[in-house]
Every structure is written in C-alpha cells, then in structure tokens.
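Notes for the one structure printed next.
The values are calculated or read from the model by the stated rules, or taken from the named source; none is laboratory data. Everything numeric in this text was worked out from a predicted model, so none of it was measured. Every residue, glycine as well, gets a Cβ built from its backbone with ideal geometry; the counts of neighbours run over all protein chains shown. All accessible areas refer to the heavy atoms of the entire protein, side chains included, with ligands and DNA or RNA removed. Shrake-Rupley method; radii C 1.70, N 1.55, O 1.52, S 1.80 Å.
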Amino acid sequence: MSLETVLLSPKLLEREQYLTALDNLLHKATQNAGQCVLIGGEAGIGKTTLIEHFAKLHHNDARFFYGQCEALYTPRPLGPLYDIAPLLNGMMDVLGDREANRAAIFSRFLSALQAIAAPTVVIIEDVHWADEATLDMVKFLARRVQQSSILMIVTYRDDEIGPDHPLWFVFGDLPSKTTTRMRLPALSASAVLQLATEARHSISHLYAITGGNPFFVTEVLASPDVAIPETVRAAVLARSSRLSSKGRAVLELAAVVPARVELWLIEATLEQSSYALDECLQTGVLRLERDAVAFRHELARQAVVSAVPQQRLKQLHEQVLRALMEHGLEPSQIARLVHHATGAEESAIVLQFAPEAAQQAAAHGAHREAASHYESALLYADNLSPQQRAELLEGRAYECYLTNQIEEALKARTEALKARQQTGDLDKVGQSQRWLSRLNWFLGNKHAADHYARAAIATLQDLPHGRELALAYSNLAQLCMLEEDLVGTHTWGSLAIELAEALHDDEVLCHALNNVGIAEQMAGQDNGHYKLQESLRIALEHSFEEHAARAYTNLASRAVSCREYPEALHYLEGGIAYCADHDLDSWRLYITGWLARAHLDIGDWAAAADDAQHVLGVYRASPVVRISALVALATVRLRRGDPGSAVLLDEARDLALKTGEVQRIAPVAIARAENAWLANDLEACITEARVGFDHPNNRSNSFEFGQLCFWIWKAGALPEAPNGLPQPYAAQFAGDWRHAASLWASLSCPYEQALALADGDRAAQNEAMQILHSMGAQAAIDRLTLQLRTEKARHPQRGPRASTRSNPAGLTERQMDVLQLMAQGFSNAAIAAELSTSSKTIEHHVSSILAKLGARSRTQAIATAHNLGAIPKPL
C-alpha cells in the first residue's frame with residue numbers, strides 16, 4: 001500500500017471529528033442553512049487532504065468548486081473566482097466586463113451558486129496568499145450563505161500570517177452564527193508510528209524529527225533509503241534527487257510557476273519533456289490536475305525553488321515569460337506576466353504591464369495588489385519622464401490610501417508633487433497638494449494638513465475654476481469643520497457649493513454640503529440638519545459610498561453630542577448596516593465607536609464595552625477611529641471600578657492631543673477628569689478638565705462644554721456658572737438638583753441623573769445609590785459614600801457653638817458679613833477691601849461658608865442661605 005493510499009484511505013488518521021463536523025455542516029446546507037468553515041493550521045498539516053477526503057465521501061451528494069490562491073509576487077485579483085467561473089455555464093461573463101464593479105461580480109457569483117440544484121461546496125484554498133478582492137469576496141459570501149444551500153470552506157496557514165495580516169480582519173468580521181473555525185493539530189506519536197508501519201518502513205525518531213506534521217512524515221517515508229532529514233526542505237530535496245536531469249528540469253520549471261503549470265507551457269519551454277514529466281508524476285513529486293501539473297504541496301515547491309541557483313532562476317523566469325507572451329494570455333492573466341517579468345528582471349516588460357495589472361486589480365477592488373504592482377513599476381522608473389513617473393506615483397499613492405497604508409501614500413504623493421512641479425502642470429500640483437493635506441490629516445499632522453490645504457487653493461485659484469479648485473475649497477472647509485472653526489467652514493464650504501453647482505458636480509456638492517451642514521448644526525442653525533440630509537440623499541442616489549458613510553457619521557455623531565438618542569440610534573444603526581453592506585470597514589468602525597458612546601450615555605455599559613472592544617480589536621485602526629472607543633471602554637471601566645482604564649486614557653490623550661481637534665480632546669479630558677474626581681483627587685480633576693475647557697473652540701459642543709464645567713465645579717474651582725450651559729447643568733449649578741435629575745432622566749442618561757440626585761437631600765441620595773447599584777457603578781458608589789461620611793462629619797448631631805447659634809446656617813458673625821456681601825454681588829477682592837482684610841482670608845471664609853451650607857458655588861450658597869432664612873430674600 002502506497003503512503004498516498006494510506007493518507008487518503010477511509011481511515012483518515014486523527015481527523016474523524018473534523019470530517020464529522022464537515023458532514024454536519026453540509027447537512028445544514030442541504031436545509032438552506034448555509035455555512036462558512038475556516039480551516040487553519042501550519043503548512044503540511046493536512047488541510048487539503050482533509051478536504052479531498054470529504055469530497056470523495058460526498059461527490060454524489062453535492063457539487064464541488066475549487067479555487068486556489070497563488071504565491072505570486074503580487075497575487076492575481078480574484079484568482080479563485082477565475083478558477084471556478086468556467087464551470088458555471090457562462091453565468092460569470094460579468095468578469096469580462098471592465099465596467100462591472102465588485103458588488104456586481106460578487107452578486108452574480110452568489111446567484112450562480114444559488115441557481116445550482118444540488119448543495120454546493122465552494123472551496124477556496126490558501127487564502128493567506130489571497131488578494132484583497134478575494135478576501136472581500138470571502139467576506140461577501142460568508143455574510144450571505146445563511147439562507148442558501150452553500151457550504152464555503154476556506155483554508156489558510158495560521159503560522160505564516162502576522163498580526164497585521166488583513167486576513168485576521170476578515171475573519172474577525174464574519175457572522176459567528178454561520179462561521180465554524182477549525183484548527184488541525186499535528187498527528188500524535190501513535191498515528192505517525194501507524195503510518196510508518198502501514199508503509200512498511202521503520203524509522204526511529206520519526207515523530208521527534210517531524211513533530212507529527214503529515215506532509216513531513218510523507219516525505220521522509222517516501223525516501224527511506226537515505227538518512228532521516230531534519231527539515232521538510234531536506235526531505236523534499238532528498239526525494240527529488242532521485243530524478244534524472246531532465247526530470248529535475250521539469251521540476252525546476254514547475255517550481256517557478258506558483259500553484260500549477262499548464263502542460264502546454266512545459267512543452268513550449270522544454271524539449272522532449274514528455275518522458276521527464278511522466279517520471280515526476282510516477283514518483284509522486286508532481287500530480288496531474290486536468291491540463292496542468294502541480295506540486296503535491298506548496299512546501300515542496302518552495303523547497304525546490306530554494307535550491308535553484310539565482311542565475312538559473314532568472315533564466316527559468318525568462319523562459320516562462322517568453323512562452324506566455326508568445327502563447328498569448330487573457331487579460332486576467334496579466335499578473336502572471338508581471339510576476340515572471342519581475343523574476344527575469346525585464347524592466348521594459350514590467351513597465352509595460354505592471355500599470356495595466358494595477359488598473360485591473362483596482363477595478364476588481366484588489367487595491368493592496370494594485371499598490372504592489374505600482375511599486376514594481378516604480379523600481380524601474382528612474383529613466384522615465386517626470387510626467388510618467390508622476391502618474392505611477394499618483395496611482396500608488398491612491399491605492400495605498402484606499403488600503404490604509406497612509407505613510408506609504410504620503411511618501412508617494414510627496415514624490416509625485418515634486419515630479420508635477422518639474423512638469424509645470426499646476427492643476428496636478430494643486431491636486432497633489434490637496435491630497436497631501438488629506439493624508440497628513442489622517443496621520444494627525446494638523447499643521448501640515450492646513451499648510452497643504454491652503455497651498456492647493458493658492459495654486460488653483462489663478463487657473464480656470466474647475467473641479468480641482470472646488471475639491472480644494474471643500475477640503476479646507478472640512479479641516480475647518482473638524483477644528484470646529486464655524487466661520488472658516490462656512491466661508492470655504494460656500495465657495496465649494498457655489499462652484500460645484502456651477503459645474504453640476506454632484507460629488508463635490510455632496511462633500512461640501514456635509515461640511516457646511518455639520519458646521520451650521522454646531523452653530524444651532526436649523527438648516528444645517530437639512531444640508532446633512534441632502535448630502536446623504538445625493539450620496540445614496542449616486543452611489544457615492546464613502547460620502548454616504550460620512551453623512552451617516554455626521555448625522556449620528558451630532559445627535560449623540562446633542563443627547564438626542566432616538567435619532568442618533570437611527571443613523572448609527574443605518575450607517576453601520578450601510579457600511580457593512582458596502583464593505584466600508586473603516587467607516588463602519590468609526591461609527592461603531594460613536595455607537596459605543598451612545599450606549600455609554602444611555603446606561604447600556606455592557607453594549608458600550610462590546611462596541612469599543614470590537615473597534616479596538618482591529619489591528620492598525622486609525623487614531624481617529626480608536627479615540628472614541630478608548631474613551632468609551634475606559635469610562636465603563638473607571639465607573640465600574642475595573643482595572644485597565646488608565647492605560648486606555650493615556651493612549652486616548654496622546655492620540656487626541658496630536659490632532660489638535662476639540663472634538664477629540666474634549667471627550668478625553670472629560671473622562672480623565674471624572675477618573676480623578678472618582679479617586680477624590682480634586683486638583684487632578686481640575687487640571688484634566690481644563691485641557692478641554694481651555695481649548696479655543698471649547699463651546700462648539702454645548703453638552704461637552706457643560707461636562708467640562710461640571711467637573712471643574714465639582715472640584716470646587718468654578719463657583720459661577722458660565723452662560724449658555726445646557727439646562728441640566730445650569731440647574732445643577734443653581735442648586736436645583738431635583739430639576740437637573742428630572743432633565744437627565746428625560747434624556748435617558750441615568751448616570752448623570754444619579755450624580756444630580758447625589759447633590760440632594762438624604763432621600764435623593766438614597767435614590768442615587770439605587771441607580772448606581774443597578775448600573776454596577778462601584779467607583780461612583782464609593783465616591784458618594786465618601787461624600788456622605790464627609791457631610792456627616794461636617795454636620796455632627798451636637799449643637800452649634802455659642803458664636804454660631806444666632807443664625808440658622810451656623811455661620812460665625814464674620815462669615816455672616818461675608819455672606820451678605822456675597823449676596824450683594826461683591827467679589828472676593830471687594831469684600832476684602834470692605835472688611836479691611838486680605839483676599840486670602842476672604843477666600844478661607846468663602847470656602848467655610850460653602851462647606852457649612854453644603855454648596856458647591858457662591859450662587860448655590862446664596863440660594864441655600866435665602867431658603868434657610870439666614871439672609872433676607874431679594875424683593
């Protein structure tokens with residue numbers, strides 16, 4: 001019995017539970033409850049063998065479709081889909097339509113699969129090599145298989161992908177109800193011994209050397225006449241060393257062609273290859289796949305190619321490249337040409353085809369691969385004209401921007417600007433300056449962003465007014481809006497709207513309306529909300545997906561900031577659903593951060609923590625995305641008294657301060673101030689709150705400004721209420737805790753309601769305790785308990801001293817003098833002058849008065865004294 005027969009026999013060693021799981025999932029699919037299976041494991045662990053065995057068991061029960069991701073220098077866009085498409089009876093002709101977008105292609109693929117009568121198994125192997133469009137296809141299908149008879153199986157090597165690999169992001173975003181994860185372990189020592197016994201070989205230390213890796217075991221047992229190799233590479237090379245020189249030539253040629261090599265390509269490249277090819281097939285080094293051959297495992301291909309001298313590799317790439325060009329390839333195969341041209345160091349061919357491959361990849365949504373193709377071309381671009389080089393750099397910059405490679409995008413766009421300045425093309429110079437503004441903003445470089453925004457306008461204003469100038473106006477309006485510079489937003493945004501309307505440019509108009517709308521809402525103007533809704537309408541009507549996501553974001557975030565939670569949740573949920581449907585993951589994460597904040601405010605702390613952790617679990621999420629989630633999760637933890645809030649708040653502070661934007665800085669300052677107050681560190685509370693309070697645009701969000709004032713007031717450093725505070729905060733400053741609590745309750749803010757009640761009488765404080773207990777706000781409970789103990793110590797049950805019995809407030813005669821002057825509106829300095837004492841002494845008297853009256857401000861102290869009859873009420 002051969003080893004291949006052993007491994008593919010009905011008794012598949014130590015994989016029975018995984019076969020059973022696949023059987024059950026296929027059964028679910030037959031009942032229109034489709035599933036997605038992720039099978040991970042190290043290279044050679046048997047993922048393909050498991051699937052092949054499963055397919056053999058069910059070849060009469062279901063239709064099987066196989067797609068393979070290839071280890072090209074730059075992966076072929078939608079390679080697995082192109083593998084499967086010919087088997088779908090012409091239903092995937094949309095792949096030949098250059099105008100077809102990704103959504104149309106994926107939808108057609110799903111429809112084609114659903115049209116098959118039998119249950120359908122779609123297998124996509126080695127997605128750790130997948131292009132970006134294939135990853136999006138996996139995500140698209142996995143989110144939609146539930147109501148179908150489709151079982152999708154995806155394999156990947158989990159030991160070869162780092163934490164920043166986009167595959168983790170895709171897997172983390174799949175629906176848990178329809179996604180099953182499997183990780184294949186190594187074989188046990190007993191299983192390895194059984195394989196060796198059934199293959200009629202006895203090799204000592206086989207398990208210790210191979211670690212139970214099935215492929216390694218196979219290769220060792222295939223060459224029992226040599227000393228046991230210590231690596232997979234050595235085992236593969238030992239097996240291939242028995243081939244003839246012509247057989248090794250075929251093997252080397254196959255090794256430079258990832259995945260599989262067509263039979264015609266071997267015949268066109270090597271003379272008298274038929275016998276040599278049969279030799280490779282008979283020894284099991286290669287296997288036949290319809291009209292092509294492939295290595296039994298990618299590890300074997302990599303082992304062979306690693307042993308080929310560099311100059312020989314270059315010659316092999318040249319031979320393959322020449323054969324491909326003479327044979328002629330479909331447009332979908334251009335990535336293969338670029339791969340072999342790069343290996344052959346054929347600069348002219350790389351420059352000819354890499355940009356076309358990049359455009360093709362971008363058209364399929366494989367933007368990371370498009371950026372890579374541009375990078376390949378730029379390696380040979382030194383002798384190009386400035387204009388040609390600028391076009392390549394601009395292409396790379398844009399594709400890097402779309403794939404969140406912002407630093408790489410900035411580098412390429414900076415070089416593109418230099419090239420455009422050489423050509424004297426001012427329209428393109430202005431375009432690059434605008435892009436440099438945008439990219440610097442993403443990196444938190446506020447001053448550079450503003451510099452390039454204004455430079456772009458200065459460059460473009462002297463040219464005939466066109467789309468680039470309208471975009472530059474709108475870009476600067478957006479920067480002003482983000483800084484909450486309402487005048488600047490309106491000025492530049494209005495210019496953008498006027499020019500966009502004159503040009504009939506709906507996209508620029510949509511962007512500009514968004515900027516001006518949010519600014520007008522900040523200013524309390526009713527038509528601001530209309531402009532935002534109009535921006536959303538235009539975006540949805542014309543499928544401006546990113547603009548639609550931005551409109552949803554601004555409508556939702558403004559509603560959250562204004563504590564209008566029903567409207568906020570409407571736009572938050574709608575925006576998240578829209579972004580999920582259109583795979584706008586960065587925007588979806590950003591909106592989810594705002595959803596965390598809304599859940600925090602309305603007291604659903606478990607949901608807030610879940611939302612925030614989802615955002616923070618994404619590797620390399622941008623700073624502006626992380627800030628809201630950091631604040632929400634830190635606030636939940638600090639209110640509950642859980643550990644881990646400090647490190648989150650430190651990161652949030654560092655990220656927010658770098659932006660310079662009050663909309664990022666203020667929420668962090670509020671959370672850090674509350675954290676200090678809960679710890680009874682009043683000085684730190686004041687210091688932290690003033691980071692936001694002292695910002696020049698601190699009043700752009702009235703509720704955030706109210707929160708900043710509130711914490712400074714709670715710490716005893718803001719005796720008078722500033723003008724324009726929202727009603728709940730104004731009521732608390734005035735000492736009307738009951739009205740404040742009622743207002744917070746009407747806004748669905750239970751935590752703030754409890755804090756207001758805590759300033760009331762004993763019954764109100766008991767109610768506050770009940771609310772805080774129901775929310776699990778242990779830190780606030782501890783703080784209120786401390787407050788109650790302090791008040792009890794300040795007001796013991798024994799009677800007042802003789803000097804204080806003459807008034808119901810228990811104040812001394814001097815304190816009564818100070819209180820009466822306070823009631824007349826005297827400042828501390830004026831009282832000191834009136835009573836012929838120092839301002840410092842008066843400060844001490846004022847503090848004592850506030851403490852005895854249980855007040856937190858001069859206004860509240862005067863109101864309490866009036867109510868107690870300590871001083872007469874004004875007429």
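Brief remarks follow.
- Estimated [θ] at 222 nm from DSSP helical runs (n ≥ 4, -39500 (n - 2.57)) normalised by residues in the chain, nearest 500: -20500 deg cm²/dmol
- The simple Förster model, with R0 at 30 Å and r as the Cβ-Cβ distance, assigns Gln727 and Lys658 a FRET efficiency of 0.30.
- In this rough spin-label picture, where each label sits 7 Å from Cα along the Cβ direction, the Glu407-Glu567 distance is 4.1 nm.
- Folded to 0 to 90 degrees: helix 585-601 orientation relative to the chain principal axis, Cα: 30
- The gain in end-to-end length when the Glu271 to Glu683 segment is fully stretched comes to 139.8 nm, 0.36 nm per residue minus the alpha carbon separation.
- Each Lys or Arg adds one and each Asp or Glu subtracts one; over the other residues with Cβ under 12 Å from the Cβ of Glu345, this totals -1.
- Rolling a 1.4 angstrom probe over the chain with all protein chains present gives an accessible area of which 50% lies on carbon and sulfur atoms.
- Rolling a 1.4 Å probe over the heavy atoms of the protein chains gives the range 500-568 an accessible area of 38 Å² per residue.
- Across the range 143-165, the residues whose backbone nitrogen lies under 14 Å from the label position 7 Å along the beta-carbon direction of Thr30 are 149-151.
- With a simple spin-label model that places each label point 7 Å from the Cα along the Cα-to-Cβ direction, the separation between Arg290 and Gln310 comes to 3.8 nm.
- Once the Cβ-Cβ distance of Glu498 and Asp694 is raised to the sixth power relative to R0 = 30 Å, the FRET efficiency obtained is 0.25.
- Between Ser347 and Asp604, the simple spin-label model (points 7 angstrom out along Cα→Cβ) gives 6.0 nm.
- Relative to one another, the C-alpha centroids of the range 140-156 and the range 323-351 are positioned 33 Å apart.
- Using C-alpha pairs under 8 Å with a sequence gap of at least 6, the mean separation divided by the residue count of the chain gives a relative contact order of 6 percent.
- Take every Cα pair under 8 Å whose residues are at least 6 apart in sequence, average their separation, divide by the length of the range 83-168, and the relative contact order is 30 percent.
- Surface analysis of the range 60-138 yields an accessible area of 38 Å² per residue, using protein heavy atoms and a 1.4 Å probe.
- Diffusion constant of the range 831-874 at 4 °C, which comes from Stokes-Einstein with the Kirkwood Cα-pair radius and 1.567 mPa s, µm²/s: 117
- Between amide H atoms placed 1.01 Å from N, distances below 5 Å from Val37 occur with Met152, Ile153, Val154, Thr180, all of them 5 or more places distant or on a separate chain.
- Charge context of Gln311, other residues only, Cβ under 12 angstrom, K/R +1, D/E -1: 0
- Cross-link table Lys47/Lys314; Lys56/Lys314; Lys714/Lys840; Lys658/Lys714; Lys28/Lys139; Lys246/Lys314, entries beyond 30 Å C-alpha to C-alpha: Lys47/Lys314; Lys56/Lys314
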